[in-house]
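Working notes, structure below.
The values are calculated or read from the model by the stated rules, or taken from the named source; none is laboratory data. What you are looking at is a predicted structure, and each value in this text was computed from that prediction instead of being measured. In this analysis, Cβ positions are derived from the backbone assuming ideal geometry, glycine residues included, and neighbour counts consider all displayed protein chains. Protein only, heavy atoms only, side chains kept; ligands, DNA and RNA dropped before computing areas. Shrake-Rupley method; radii C 1.70, N 1.55, O 1.52, S 1.80 Å.
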Amino acid sequence: MKKNISILFLCLSFSILAQKNTIDKSIFIAMDKTASILSNKSKANSISIGIVRNGKTYTRHYGEIDKGKENIANNNTIFEVASITKLFTGLLAAQAVLEEKLNPDDDIRKYITGSYPNLEYNGIPITIKDLVSFRTGFDKDLPDNSELRKNRNDSSYLAFKKMDENYTRENFFEDLKTVKLDTLPGTKFKYSNGSLNLTAHILENVYQKSYETLLKENIFSKLNMQSSGINVSPNTVIANGYNLKGVLMPTISDNLWGAAGRLKSTLSDLTKFISYELNTKNKIVQESQRNLLNSPTTWNGYFWDYIQVDENGKNCWKHGGAFGTQNMLIIYPERQLGISIIVNISDESTANALGEAIVRLSNDLLTENKKQTGIYGYKIIDDNVVFVYEHDKNLDPNLVKSVSIAGSFDKWNPNDSNFQMIQKSKNKFELSVPKSQFEKDKTHLFKFVINKTGWMEAPKNAINRQTEGDENLILKI
C-alpha cells in the first residue's frame with residue numbers, strides 16, 4: 001500500500017513539474033515573440049523584459065547595449081528609468097497618508113515652506129489628493145519647458161538638459177509663486193514634473209528627512225533594491241542610450257529633488273518593485289492605487305499615468321522616458337501579473353512601440369482567462385439582440401462602474417446613451433436592442449467597454465471574433 005502511495009506521489013510530482021515547465025516555456029516564447037516585433041518597430045539596440053506572474057519572476061535580455069560591442073544587458077545592468085521614479089514618490093506619499101503625516105483633503109499649503117496665496121482657484125485650494133492625481137490646475141510646469149516642446153528637433157535634448165542643469169530649488173520656489181491656476185483643482189489632468197518635486201518637498205517637511213533618505217529607508221532597503229538610487233556613485237556604469245539616428249544620448253540632469261525622473265535601477269530591482277505592487281493586501285500599495293477622486297472612468301492613484309478596469313480587473317500603467325532609454329511598466333494586481341520592458345532608445349515613436357508590445361505580451365499571458373467558446377457577447381431573442389456581459393467572478397465587481405457597447409453601429413462611442421448596459425446582478429450586465437436598429441445582411445463590429453475606457457479583448461475561442469485587425473466581436477443579423 002505504501003509503495004502504491006509513493007508511486008502515485010511521484011506521478012503527481014512529475015505531472016506538476018511538467019505543467020510548470022510548460023507554463024515557463026510558454027512565457028519565454030511570448031517574451032521572445034514580443035522582443036522580436038519590438039526590435040523591428042523601435043529599432044532599439046537592447047531590449048530587457050521582466051515579468052512577475054503568480055509570484056514567479058522571469059527575465060530576458062535581447063540585443064546589445066552598444067551596437068557591435070556584443071555587450072548584452074543582464075539583470076544587474078543599471079538603466080535610467082526616468083518617470084518610473086514617480087511611482088516611488090507616490091508610494092512615499094501614500095505611506096505618509098496612512099501614517100497620518102498627510103491628509104488627502106488638506107490644502108497643500110499647510111505643508112509647504114513659505115506663503116503661496118496664488119495656489120488656489122476662486123478660493124478653492126489644491127489638496128494633497130489633487131496634487132498626487134496630476135490635477136493641480138497649474139498653468140505651467142516647473143521648470144516651464146513649454147516653448148522648447150513646441151519646436152522640437154534633433155538637438156532639442158541639449159536645450160532641455162541645459163535648462164535642467166541650471167534650474168535650482170531656489171528657482172523652483174520663485175517660480176512656484178508665479179504659478180496661476182487655470183481651472184478648479186481636481187478637475188483637469190495635466191502631467192507635471194513640478195507636482196512631483198513639490199511632493200518631495202512636502203515629504204521632507206513632514207518627515208524632517210531628505211527625499212533620498214526616505215526612499216532608502218522605506219522602499220529600497222525594505223525591498224532589497226540594492227542597485228537603485230537617485231544619486232548613484234560616480235563610478236557606477238549606467239547603460240548607454242541612443243536616439244533613432246544612433247546618436248549617444250546624455251543622462252538626465254536634475255538639481256531639484258529627483259522625484260520626477262532621476263531614479264536609476266536594474267531589471268532585477270524593478271521586478272522586486274513589481275512584486276511589491278502586486279501585493280493586494282499591502283495597505284500602502286492599496287492606497288497608492290486608490291481611486292482618490294472617485295472617477296467613473298480612469299484614475300491616477302498616486303502618480304500613475306492611468307489606472308483602468310477591463311476584463312482582467314484593475315490595471316495600472318506607467319511610462320518612463322529619458323533622453324536615450326524608455327521603460328513601460330504595467331501591473332494587473334487581480335491577475336497577479338506585472339511586466340516591465342526597457343529599451344535603450346528614445347524617440348517620439350518609441351512610447352507607442354512599447355505600448356503595443358506590452359499590450360501584446362499582456363494579452364498572450366492573460367489568454368487563459370478568456371475561455372469562452374461559441375457565440376460570445378449576445379443572443380437573439382425574438383425580435384431583439386440581447387447583449388450580455390458577465391464580469392469574471394474572481395475579480396472585484398465594485399470597480400466596474402459601467403459597461404457600454406461601442407461598435408460600427410454607433411461610431412465606436414462608449415458614451416452613447418443608447419448602448420449603456422443595465423446591471424442585472426453583481427457581475428452581470430445586459431442590454432436588449434431591437435433587431436430593427438441594425439442593418440440586415442451587414443457585418444457589425446463591436447466591443448464591450450468597462451468604465452468608458454477599458455476596451456475589452458474578445459475571447460480567443462469565440463467564433464464571432466475577427467481574426468485580424470482589432471479582433472472585434474462580430475454581429476450579423
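Quick one: which of Lys460, Lys452, Lys426, Lys447 is charged (D, E, K, R) and not in a loop (DSSP other than H, G, I, E, B)? Steps first, please.
Values: Lys460 fails: not in a loop (DSSP other than H, G, I, E, B); Lys452 fails: not in a loop (DSSP other than H, G, I, E, B); Lys426 fails: not in a loop (DSSP other than H, G, I, E, B).
Matching residue, one of Lys460, Lys452, Lys426, Lys447: Lys447.
Go through segment 206-250 and give me each residue that's in a helix (DSSP H, G or I) and either at positive phi or open to solvent by less than 60 Å² (accessible area, probe 1.4 Å) (or both).
First pass over segment 206-250, keeping only residues in a helix (DSSP H, G or I): 206-207, 211-220.
Within segment 206-250, Val206, Tyr207, Tyr211, Glu212, Thr213, Leu214, Leu215, Asn218, Ile219, Phe220 meet the criteria.
What tally of residues in segment 185-205 results from selecting those that are open to solvent by 30 Å² or more (accessible area, probe 1.4 Å) and assigned to a helix (DSSP H, G or I)?
Let us first name the residues in segment 185-205 that are open to solvent by 30 Å² or more (accessible area, probe 1.4 Å), namely 187-191, 193, 204-205.
Cutting the leftovers down to assigned to a helix (DSSP H, G or I) gives us 193, 204-205.
Summing the residues that are open to solvent by 30 Å² or more (accessible area, probe 1.4 Å) and assigned to a helix (DSSP H, G or I) in segment 185-205 gives 3.
Please find, within segment 460-470, the residue that is nearest to Asp396 (Cα to Cα) out of those that are open to solvent by less than 40 Å² (accessible area, probe 1.4 Å) and in contact with a Lys or Arg (Cβ under 9 Å, 6 or more places away or on another chain).
By that ranking, first place goes to Ala462.
Residues to consider are Ser340, Ser288; find the one that is surrounded by 23 or more Cβ atoms within 10 Å (Cβ to Cβ), under 16 Å from Ala94 (Cα atoms) and touching a helix residue (DSSP H, G or I) at 6+ places or on another chain (Cβ under 8 Å).
Working: Ser340 fails: under 16 Å from Ala94 (Cα atoms).
Answer to the check: Ser288.
Kindly establish whether Tyr157 is within 26 Å of the chain's Cα centre (by Cα) and over 30 Å from Asn291 (Cβ atoms).
Working: within 26 Å of the chain's Cα centre (by Cα): yes; over 30 Å from Asn291 (Cβ atoms): yes.
Here the answer is yes, as Tyr157 does meet what is asked.
Residue check, Thr298 against (1) of a type in the set (Val, Ile, Thr); (2) open to solvent by less than 30 Å² (accessible area, probe 1.4 Å); (3) touching a strand residue (DSSP E or B) at 6+ places or on another chain (Cβ under 7 Å), all met but one. Which one?
Single failed check for Thr298: (2).
Does Glu348 satisfy the criteria of being outside any strand (DSSP E or B), at pLDDT below 95 and either aromatic (Phe, Trp, Tyr) or farther than 30 Å from Ile252 by Cβ (or both)? Lay out the reasoning, then the answer.
Numbers: outside any strand (DSSP E or B): yes; at pLDDT below 95: yes; either aromatic (Phe, Trp, Tyr) or farther than 30 Å from Ile252 by Cβ (or both): no.
The answer is no for Glu348.
Taking only pairs six or more apart or across chains, which ones have beta-carbon atoms under 7 Å, a first residue in segment 453-468 that is more than 15 Å from Asn363 (Cα to Cα) and in contact (Cβ under 8 Å) with a residue 40 or more places away in the chain, and a second residue that is of a type outside the set (A, V, I, L, M) and not in a loop (DSSP other than H, G, I, E, B)?
Cβ pairs passing all conditions: Thr453/Gln308; Ile463/Gly374.
Assess whether Gly324 counts as being open to solvent by less than 10 Å² (accessible area, probe 1.4 Å), touching a residue at least 40 places away in the same chain (Cβ under 8 Å) and either farther than 28 Å from Lys67 by Cα or assigned to a helix (DSSP H, G or I) (or both). Step through it out loud before you land on a result.
Working: open to solvent by less than 10 Å² (accessible area, probe 1.4 Å): yes; touching a residue at least 40 places away in the same chain (Cβ under 8 Å): yes; either farther than 28 Å from Lys67 by Cα or assigned to a helix (DSSP H, G or I) (or both): no.
It is false that Gly324 is open to solvent by less than 10 Å² (accessible area, probe 1.4 Å), touching a residue at least 40 places away in the same chain (Cβ under 8 Å) and either farther than 28 Å from Lys67 by Cα or assigned to a helix (DSSP H, G or I) (or both).
For segment 390-400, enumerate the residues that are touching a residue at least 60 places away in the same chain (Cβ under 8 Å) and either open to solvent by less than 20 Å² (accessible area, probe 1.4 Å) or touching a strand residue (DSSP E or B) at 6+ places or on another chain (Cβ under 8 Å) (or both). Let's see the steps before the verdict.
Here is the first cut: in segment 390-400, the ones touching a residue at least 60 places away in the same chain (Cβ under 8 Å) are 391-392, 394-396, 399-400.
Matches in segment 390-400: His391, Asp392, Leu395, Asp396, Leu399, Val400.
Out of the helices (runs of 4 or more DSSP H) lying entirely within segment 108-184, which hold 1 or more residues that are under 30 Å from Leu98 (Cβ atoms), open to solvent by 70 Å² or more (accessible area, probe 1.4 Å) and at pLDDT 95 or above? Please lay out each step first, then the result.
Numbers: elements: 128-132, 146-150, 156-166, 169-176.
Counting at least 1 such residues, we get 169-176.
Between a first residue in segment 118-143 that is closer than 18 Å to Leu293 by Cα and a second residue that is open to solvent by 40 Å² or more (accessible area, probe 1.4 Å) and among the hydroxyl-bearing types (Ser, Thr, Tyr), which pairs have beta carbons less than 7 Å apart while being 6 or more apart in sequence or on different chains?
Going by the 7 Å Cβ cut-off, the qualifying pairs are Phe134/Tyr191; Arg135/Thr187; Gly137/Tyr121.
Give the residue that is surrounded by the fewest Cβ atoms within 10 Å (Cβ to Cβ), with candidates limited to residues of segment 431-459 that are farther than 14 Å from Leu473 by Cβ and under 30 Å from the mean Cα position of the chain (by Cα).
Thr453
Which residues, taken from segment 44-90, are acidic (Asp, Glu) and either surrounded by fewer than 24 Cβ atoms within 10 Å (Cβ to Cβ) or in a loop (DSSP other than H, G, I, E, B) (or both)?
Step one: of segment 44-90, the residues acidic (Asp, Glu) are 64, 66, 70, 80.
Selection gives Glu64, Asp66, Glu70.
Within segment 229-241, can one find any residue that is within 28 Å of the chain's Cα centre (by Cα), at pLDDT 95 or above and under 22 Å from Leu91 (Cα atoms)?
yes
Taking the condition touching a residue at least 60 places away in the same chain (Cβ under 8 Å) and either among the aromatic types (Phe, Trp, Tyr) or surrounded by fewer than 20 Cβ atoms within 10 Å (Cβ to Cβ) (or both), does Thr280 pass?
Details: touching a residue at least 60 places away in the same chain (Cβ under 8 Å): no; either among the aromatic types (Phe, Trp, Tyr) or surrounded by fewer than 20 Cβ atoms within 10 Å (Cβ to Cβ) (or both): yes.
Against the criterion (touching a residue at least 60 places away in the same chain (Cβ under 8 Å) and either among the aromatic types (Phe, Trp, Tyr) or surrounded by fewer than 20 Cβ atoms within 10 Å (Cβ to Cβ) (or both)), Thr280 does not qualify.
Does Asn415 satisfy being within 30 Å of the chain's Cα centre (by Cα), under 24 Å from Ile307 (Cβ atoms), open to solvent by 20 Å² or more (accessible area, probe 1.4 Å) and free of Cβ contacts under 8 Å to residues at least 12 places away in the same chain? First the steps, then the outcome.
On the way: within 30 Å of the chain's Cα centre (by Cα): yes; under 24 Å from Ile307 (Cβ atoms): yes; open to solvent by 20 Å² or more (accessible area, probe 1.4 Å): yes; free of Cβ contacts under 8 Å to residues at least 12 places away in the same chain: no.
The answer is no for Asn415.
Could you list all residues from segment 251-266 that are assigned to a loop (DSSP other than H, G, I, E, B) and polar (S, T, N, Q)? Even if it seems obvious, please write down each step before you answer.
Of segment 251-266, the ones assigned to a loop (DSSP other than H, G, I, E, B) are 251-262, 266.
Thr251, Ser253, Asn255, Thr266 - these are the residues of segment 251-266 that are assigned to a loop (DSSP other than H, G, I, E, B) and polar (S, T, N, Q).
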